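Written out below as structure tokens is the structure these notes cover.
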């Protein structure tokens, strides 16, 4: 029995790439005033940043509906597939609730809902791993077990120049945002066990960047068997610079993955423009 993979758009897998992989992506929503836009479907990255610069009202986000997941599951169930659905951290979004509600519509089907405990590039890395494993003939149980191991070592360390977006959307405490703005402290944020928190606090973006790189290297003691993904929000030159410095720190060791990925509209709503981070995982 084939394993079909479903995820949500916070995985930041481009629609064309998802189609090529045979991965079904359910979009989250970007809400702008009284209008809603499906992530990557109705709103591209350039369109998002153009609106962000022009609109007086800042956007928010919303999880997909159960009906959207049901529509994604139905053709997979009807062709007899087992379904592996890996979604954004339940501590960051209620997306998993909608996915579980949709799965209950198909009581006779095998639909496994997995909390990735991450988002953005971290979720994308899990989806790519799941796709590799299914192509190697792994069973649904085997893929899920590998993803659990992946979650245990995966980390994100990030520098976010403006905490107001995270604070406004409830992803980091008001006190933390206030401290950062009043004292000009730049926190290095982590995403661990599905939650955003401050890992370190320094005085400048340059020092925050160095701390981010230090923490990433510490988290991957065997870089030849590690994967790295530099994420950014409309900050490609910064991401390229971070990737080159990370490459230099690896001292000639070639990891399993070393790449750059730009976050999509939903993630950018929360991080704001100019953010950069490094997802890492130790195999």
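Specify the residue that is nearest to residue 273 (Cα to Cα); the eligible residues are those in the range 5-57 that are part of a helix (DSSP H, G or I) and in contact with a strand residue (DSSP E or B) (Cβ under 6 Å, 6 or more places away or on another chain). Don't jump to the end; show me each part of the working.
Step one: list which residues in the range 5-57 are part of a helix (DSSP H, G or I), which gives 9-11, 15-21, 45-54.
Within this subset, residues satisfying the condition of being in contact with a strand residue (DSSP E or B) (Cβ under 6 Å, 6 or more places away or on another chain) are 9, 18.
Values: 9: 18, 18: 25 Å.
Looking at residues that are part of a helix (DSSP H, G or I) and in contact with a strand residue (DSSP E or B) (Cβ under 6 Å, 6 or more places away or on another chain), I get 9.
Within the range 71-80, take every residue that is touching a helix residue (DSSP H, G or I) at 6+ places or on another chain (Cβ under 9 Å) and surrounded by 15 or more Cβ atoms within 10 Å (Cβ to Cβ) and give me the one that is farthest from residue 120 (Cα to Cα).
That would be 73.
Do you know which of the residues in the range 91-116 that are surrounded by 15 or more Cβ atoms within 10 Å (Cβ to Cβ) and without any contact (Cβ under 8 Å) to a residue 24 or more places away in the chain is farthest from the chain's Cα centre (by Cα)?
100
Of the residues in the range 85-106, how many are assigned to a helix (DSSP H, G or I) and in contact with a helix residue (DSSP H, G or I) (Cβ under 9 Å, 6 or more places away or on another chain)? Quick ask: steps written out before the conclusion?
To start, the set of residues in the range 85-106 that are assigned to a helix (DSSP H, G or I) comprises 95-103.
Retained after the next criterion (residues that are in contact with a helix residue (DSSP H, G or I) (Cβ under 9 Å, 6 or more places away or on another chain)): 95, 97-103.
Adding up the residues that qualify gives 8.
Exactly one of (1) modelled with pLDDT of 90 or more; (2) more than 28 Å from residue 146 (Cβ to Cβ); (3) in contact with a helix residue (DSSP H, G or I) (Cβ under 9 Å, 6 or more places away or on another chain) is unmet by residue 176. Its number?
Going through the list (1) modelled with pLDDT of 90 or more; (2) more than 28 Å from residue 146 (Cβ to Cβ); (3) in contact with a helix residue (DSSP H, G or I) (Cβ under 9 Å, 6 or more places away or on another chain), residue 176 breaks only (1).
Restricting to the range 239-283, name every residue that is in a helix (DSSP H, G or I) and crowded, with 16+ Cβ neighbours inside 10 Å. Don't jump to the end; show me each part of the working.
Filtering the range 239-283 down to residues in a helix (DSSP H, G or I) leaves 239-249, 265-271.
The answer is 239, 242, 243, 246, 265, 266, 267, 268, 269, 270, 271.
The values are calculated or read from the model by the stated rules, or taken from the named source; none is laboratory data. Values in this document were obtained by computation on a predicted structure and should not be read as measured data. Virtual Cβ from ideal backbone geometry, glycine too; neighbours counted across all protein chains shown.
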